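Taking it in order: structure first as structure tokens, then the write-up.
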Amino acid sequence: MNVRHGLIALLSGCAPLLAATPQRIVTIPIPAASMITALDAGPQRLVGIHPGALPGIRDRFLGQRFPALLTLRTDIVAGGRFTPNIETLLTLRPDLVLQWTHLPTASLHTLERAGLRTLGMRYGSQADLEAALTAIGAATGTEARTGALLRHQRNTRRALAGPSGPRPRVVYLRSLAHGLKAGGNGSYMTHVIELAGGVNLATAVNGSMADVTFEQLLGWAPDILLLGGFDDNVPARLYADPKWRAVKAVRERRVYKMPLGGIWWEVPSHESALGWIWLHALLNHSPASAARLLADMRSQYRLLYRHTLTRDEIDRILHRNANAGSAGYTLFGEAANVGQ
């Protein structure tokens, strides 16, 4: 196997892959379905996606823009969450399979033995994301679009300025449905929070889905709580719960549901830069960042999805209704009014 920048490409089938652009693609990593759709400005080359991608597609922007995504085969994994279903894959006859490389259930050698040309991607850091996008662009013939995406991310990273005063203390809760899961030390959300000008209090624990107790959360006393998009919890539920009012961010109504556009903005993806700008605007109460976010959303969605966002679509992506009762969220509505 060839290892470079955290990305592994199986050598078998590599030459034919480069000789002919793949036309039938299966994506086992959950974010990859949206990535391929964005790089192609549509799902025309996808034949199978992970079932875990559907909650970010069905009744969301991506599913409304590309209903064909909802008709794709999702029985491509079996046994473990990312264990490939070789029988289904052989039936689909893909000429490219995307798979994780860092999980024991990835079964890369099984895919190789089945003769399936496989491109591996590693989850975790910004460097992993950039390596994955670069490799996917090269493998799928979308280098120009990939290059534009990476330039946008790098330019955005350089443009974001930290706060002049104290840095807000933040905790990101990926899920509340089955215990509290926080983005801790080593998680992508640590990178996002720090880039936006905050301090991730959950670095006291390790991992992107670290188990934390309510007592730990109380002790951390976060200024801001971010709710992930992987369950249906919204700020109003916390505001209405007497138990949660003991948490500083809840008392001060600084709980925010993270946006969901073509993909969840909290995971490393082609839309990550939009999430950075959103959080920078929020943490710094920056009208300039809010205005830039709306401008970049419109330009990026025209590039990625060949679609001009409406005001209503922007509001839904930003969870304007769910976040309406949270302090300072009118910032994004004010920016939208100025932009009209």
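Okay, residues lined up against (1) at pLDDT 95 or above; (2) of a type in the set (A, V, I, L, M, F, W, C):
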| position | (1), (2) |
| --- | --- |
| P104 | no, no |
| L111 | no, yes |
| Y123 | no, no |
| L173 | yes, yes |
| A196 | yes, yes |
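Could you grab me the full set of residues in the stretch 223-238 that are outside any loop (DSSP other than H, G, I, E, B) and touching a strand residue (DSSP E or B) at 6+ places or on another chain (Cβ under 6 Å)? Listed by number, the residues that qualify are I224, L225, L226, L227, P235, L238.
Screening the candidates T118, T91, T71 for the property of being farther than 29 Å from M297 by Cα, β-branched (V, I, T) and out of contact with any helix residue (DSSP H, G or I) (no Cβ under 9 Å at 6 or more places or on another chain) yields one hit, T91.
The set of residues in the stretch 130-146 that are among the aliphatic types (A, V, I, L, M) and buried (at least 19 other Cβ atoms within 10 Å of the Cβ) comprises A132, L133, A135, I136, A139. Against the numbered list (1) in contact with a helix residue (DSSP H, G or I) (Cβ under 9 Å, 6 or more places away or on another chain); (2) part of a helix (DSSP H, G or I); (3) surrounded by fewer than 20 Cβ atoms within 10 Å (Cβ to Cβ), A127 comes up short only at (1).
Among the residues of the stretch 239-249, is there at least one that is closer than 24 Å to H280 by Cβ, assigned to a strand (DSSP E or B) and hydrophobic (A, V, I, L, M, F, W, C)? Spell out the reasoning first.
Keep residues of the stretch 239-249 that are closer than 24 Å to H280 by Cβ, which gives 247-249.
Checking which are assigned to a strand (DSSP E or B) leaves us with none.
No - not one qualifying residue is present in the stretch 239-249.
Of all the listed residues (A135, A131, A177), the sole one being in the same structural domain as D296 (by TED's automatic domain parsing) and more than 30 Å from P287 (Cβ to Cβ) is A177.
Results for (1) farther than 28 Å from G165 by Cβ; (2) crowded, with 19+ Cβ neighbours inside 10 Å; (3) in the same structural domain as I30 (by TED's automatic domain parsing), shown as yes or no for each residue.
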{"site": "A221", "(1), (2), (3)": "no, no, no"}
{"site": "A246", "(1), (2), (3)": "no, no, no"}
{"site": "G262", "(1), (2), (3)": "yes, yes, no"}
{"site": "S272", "(1), (2), (3)": "no, yes, no"}
{"site": "W276", "(1), (2), (3)": "no, yes, no"}
{"site": "A295", "(1), (2), (3)": "no, no, no"}
{"site": "L304", "(1), (2), (3)": "yes, yes, no"}
{"site": "N321", "(1), (2), (3)": "yes, no, no"}
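Annotation note: Cβ proximity below 7 Å between a residue of the stretch 26-52 that is touching a residue at least 24 places away in the same chain (Cβ under 8 Å) and in the same structural domain as E143 (by TED's automatic domain parsing) and a residue that is assigned to a strand (DSSP E or B) and hydroxyl-bearing (S, T, Y) (sequence gap 6+ or interchain) occurs for A33/T27; I36/T27; L46/T27; I49/T27; H50/T27.
The number of residues in the stretch 111-134 being aliphatic (A, V, I, L, M) and within 18 Å of the chain's Cα centre (by Cα) comes to 6. For the stretch 278-293, a residue qualifies if it is surrounded by fewer than 24 Cβ atoms within 10 Å (Cβ to Cβ) and closer than 15 Å to G228 by Cα, but none of them does.
Residue-wise test of (1) buried (at least 21 other Cβ atoms within 10 Å of the Cβ); (2) hydroxyl-bearing (S, T, Y); (3) touching a residue at least 24 places away in the same chain (Cβ under 8 Å).
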site	(1), (2), (3)
G165	no, no, no
V171	yes, no, yes
R174	yes, no, yes
A177	no, no, yes
Y188	yes, yes, yes
A196	yes, no, yes
N206	no, no, no
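Only one of (1) loosely packed, with under 14 Cβ neighbours inside 10 Å; (2) of a type in the set (G, A, S); (3) more than 26 Å from A202 (Cα to Cα); (4) out of contact with any Gly (no Cβ under 9 Å at 6 or more places or on another chain) fails for G120. Which number is that? With (1) loosely packed, with under 14 Cβ neighbours inside 10 Å; (2) of a type in the set (G, A, S); (3) more than 26 Å from A202 (Cα to Cα); (4) out of contact with any Gly (no Cβ under 9 Å at 6 or more places or on another chain) applied to G120, the lone miss is (1).
Of all residues in the stretch 294-315, those that are farther than 25 Å from Q44 by Cβ and touching a residue at least 60 places away in the same chain (Cβ under 8 Å) total 1.
Going by the structure shown, is H319 outside any helix (DSSP H, G or I), under 18 Å from A148 (Cα atoms) and not aromatic (F, W, Y)? Break it down into steps so the answer makes sense when it comes.
Numbers: outside any helix (DSSP H, G or I): yes; under 18 Å from A148 (Cα atoms): no; not aromatic (F, W, Y): yes.
Considered against the rule, which asks whether it is outside any helix (DSSP H, G or I), under 18 Å from A148 (Cα atoms) and not aromatic (F, W, Y), H319 comes out as no.
Can you confirm whether the stretch 287-299 contains a residue that is assigned to a helix (DSSP H, G or I), at pLDDT below 95 and of a type in the set (D, E, K, R)? No, every residue in the stretch 287-299 fails to be assigned to a helix (DSSP H, G or I), at pLDDT below 95 and of a type in the set (D, E, K, R). Restricting attention to the stretch 76-110, the residues being touching a strand residue (DSSP E or B) at 6+ places or on another chain (Cβ under 6 Å) and in a strand (DSSP E or B) number 4.
The values are calculated or read from the model by the stated rules, or taken from the named source; none is laboratory data. What you are looking at is a predicted structure, and each value in this text was computed from that prediction instead of being measured. Cβ: placed from backbone, ideal geometry, glycine included. Neighbour counts: every protein chain shown.
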